[in-house]
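Report on the following structure.
The values are calculated or read from the model by the stated rules, or taken from the named source; none is laboratory data. Note that the coordinates shown come from a computational prediction; the quantities given were computed from them, not determined experimentally. Note that each Cβ is placed from the backbone with ideal geometry, even for glycine, and that neighbours are counted across all protein chains shown. Just the protein is used for accessible areas: all its heavy atoms, side chains included, with ligands, DNA and RNA removed. Shrake-Rupley method; radii C 1.70, N 1.55, O 1.52, S 1.80 Å.
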Amino acid sequence: QVSLLESGGGSVQPGGSLRLSCEVSGYTGTTWCFTWFRQAPGQAPGQPREGVAGLNIYSGGGTSYADRVLGRFTVSQDNTENTLSLQMNNLQPADAGMYYCAAARCYGTGIPFSPSFYTVWGQGTQVTVSS
C-alpha cells in the first residue's frame with residue numbers, strides 16, 4: 001500500500017524559494033510516476049488540479065514540467081530516503097496554492113498531468129506567496 005506525506009510548505013515573498021518534500025512509503029519496483037499538483041486558492045469545485053512537475057521512475061528518472069514553471073522548479077528523487085522533492089525558486093503569487101504529491105503505476109516514458117491518472121494522493125502542503 002503506497003502512501004504519500006507532503007511537507008515543506010510555507011509563506012514566502014515573491015522571488016523567494018521553497019523546497020517541498022513528499023515522503024513515499026510502501027512502493028516497490030520501478031513502474032511508477034510521481035507528480036506534484038497544485039490546487040489554486042479559491043479554485044471552483046470540479047476544476048482539475050494543475051500538474052506542475054513529474055518524475056517517471058520507469059523511464060529512468062525522466063522529468064516533465066508545466067511551461068510556466070520551467071526553469072524555476074526542479075523535481076527530484078532521493079532514493080536513499082524515498083523522498084520526492086520539488087525545489088521552487090523565484091516564486092510568484094500565481095504559484096500559491098495547495099500542493100499535492102500523487103503517484104500512479106506507469107509503464108511508458110510519458111508523465112501524465114491529468115489528475116484522473118493518479119491513484120494515490122497525499123494530504124497536501126500549503127504554499128503562500130505574497131508581499
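A few remarks follow.
- With a cut-off of 15 Å between beta carbons, the residues surrounding Y118 carry a summed charge of +1, where Lys and Arg count +1 and Asp and Glu -1.
- M98, M88, ranked by accessible area, largest first (probe 1.4 Å): M98, M88
- Accessible surface calculations at 1.4 Å, restricted to protein heavy atoms, place the chain at 48 Å² per residue.
- Database remark: amide H of I111 closer than 5 angstrom to no amide H (H placed geometrically; neighbours at sequence offset of 5 or more, or on other chains; Pro and chain starts carry no H).
- Computed over protein heavy atoms with a 1.4 Å probe, the carbon and sulfur contribution to the accessible area of the chain reaches 49%.
- Pairs of Cα atoms nearer than 8 Å and 6+ residues apart set the relative contact order; for the chain it is 36 percent.
- One chain, two ends: A44 and T80. Fully extended at 0.36 nm per residue, the span grows by 9.1 nm beyond their Cα-Cα distance.
- Antiparallel %, DSSP beta bridges [both residues in the chain], to 5: 95
- Taking the Cα centre of region 8-108 as reference, the dipole from Cβ charges on Lys and Arg (+1) and Asp and Glu (-1) amounts to some 160 debye.
- Net length available on complete extension from Q92 to T28 is 19.4 nm, with 0.36 nm assigned per residue and the Cα-Cα distance removed.
- The simple spin-label model puts a point 7 Å past each Cα toward its Cβ; for R68 and S130 those points are separated by 1.8 nm.
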